[in-house]
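J.: One structure, as structure tokens, below. Some questions next.
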Amino acid sequence: DAGITQSPRHKVTETGTPVTLRCHQTENHRYMYWYRQDPGHGLRLIHYSYGVKDTDKGEVSDGYSVSRSKTEDFLLTLESATSSQTSVYFCASSPGQDTQGGLFFGEGSRLTVL
Amino acid sequence: KNQVEQSPQSLIILEGKNCTLQCNYTVSPFSNLRWYKQDTGRGPVSLTIMTFSENTKSNGRYTATLDADTKQSSLHITASQLSDSASYICVVSEPNDYKLSFGAGTTVTVRA
């Protein structure tokens, strides 16, 4: 499996505070993704990146921003956390755009917003 | 509206028994269909991937089938083991695109 690590793995924060989740991959994959997973829903794409400093929005991007300053790192930021952003966040990476070369997931970051 | 529907939502089976999970999708056209296994507290891990021209793909005791005409796929688990307890997710991708449609998953519990 691709080496993808997420940090922190667990975080509890209060409404209105900023939160940053970090994703680090060691496979030199060009594409990286942030998803959120909620009960009863499939994984939903928040933002993705197709190269250093190249990012775009997914289907549930409101309230989130991302940055990619290096190939291996993809940061997800919640500028002002809300209770609706309580979720499990997964980072993923793939070597190609169409993900046919594989889509590899991190272990997830569980965020609770009180 | 979710373009990938999975059934059942959950099931319990006895160790050693077989089970079949269903996935219906409306994504069209599509490039490939994958099944992922997600253990509790872990990230999803790929089990199988099939292109639109493939009918079946196996990975050990896991066998996936695809009927592109009816837009249905199934995942069959043979001789279940306790380690098969997990959520199984069906994922459909569009051609030449990063966009993936995820099902909500089927939670399988294998009991001794």
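J.: Identify all residues within region A:48-94 that are out of contact with any helix residue (DSSP H, G or I) (no Cβ under 6 Å at 6 or more places or on another chain) and among the hydrophobic types (A, V, I, L, M, F, W, C); write none if there are none.
T.: A:Val52, A:Val60, A:Val66, A:Phe74, A:Leu75, A:Leu76, A:Ala81, A:Val88, A:Phe90, A:Cys91, A:Ala92, listed by residue number.
J.: So, A:Gly108, is that one in contact with a strand residue (DSSP E or B) (Cβ under 8 Å, 6 or more places away or on another chain), facing chain B (nearest Cβ under 10 Å), at pLDDT 95 or above and closer than 27 Å to B:Glu5 by Cβ or not?
T.: Here the answer is yes, as A:Gly108 does meet what is asked.
J.: Follow-up. Within the group A:Gly102, A:Gly42, which residue is without any contact (Cβ under 8 Å) to a residue 12 or more places away in the chain and closer than 25 Å to B:Thr106 by Cβ?
T.: A:Gly42
J.: If A:Tyr35 satisfies every condition in (1) touching a residue at least 12 places away in the same chain (Cβ under 8 Å); (2) more than 14 Å from chain B (Cβ to nearest Cβ) but one, which is the exception?
T.: Every condition holds for A:Tyr35 apart from (2).
J.: Let me spell it out: the conditions are (1) closer than 15 Å to B:Leu47 by Cα; (2) within 14 Å of another protein chain (Cβ to nearest Cβ); (3) in contact with an Asp or Glu (Cβ under 8 Å, 6 or more places away or on another chain), and B:Ser73 meets all of them except one. Which number is the exception?
T.: (2)
J.: Here's something else I'd like to know. Out of (1) assigned to a strand (DSSP E or B); (2) over 12 Å from B:Phe30 (Cα atoms), the odd one out for B:Val92 is which?
T.: Evaluating B:Val92 over (1) assigned to a strand (DSSP E or B); (2) over 12 Å from B:Phe30 (Cα atoms) leaves (2) as the failure.
J.: Please verify whether region B:55-64 includes one or more residues that are more than 14 Å from chain A (Cβ to nearest Cβ), over 24 Å from A:Gln37 (Cα atoms), at pLDDT 95 or above and not in a strand (DSSP E or B).
T.: The answer is yes, given that some residue of region B:55-64 is more than 14 Å from chain A (Cβ to nearest Cβ), over 24 Å from A:Gln37 (Cα atoms), at pLDDT 95 or above and not in a strand (DSSP E or B).
J.: Looking at region B:82-112 only, could you name the residues that are under 17 Å from the mean Cα position of the chain (by Cα) and loosely packed, with under 15 Cβ neighbours inside 10 Å?
T.: Answer for region B:82-112, where residues must be under 17 Å from the mean Cα position of the chain (by Cα) and loosely packed, with under 15 Cβ neighbours inside 10 Å: B:Ser83, B:Thr109.
J.: To continue, here is another question. Go through region B:92-112 and count every residue that is facing chain A (nearest Cβ under 8 Å) and among the aliphatic types (A, V, I, L, M).
T.: The number of residues fulfilling the criteria is 2.
The values are calculated or read from the model by the stated rules, or taken from the named source; none is laboratory data. All values reported here derive from a predicted model rather than from experimental measurement. Glycine also receives a Cβ, built like all others from the backbone with ideal geometry; neighbour counts cover every protein chain displayed.
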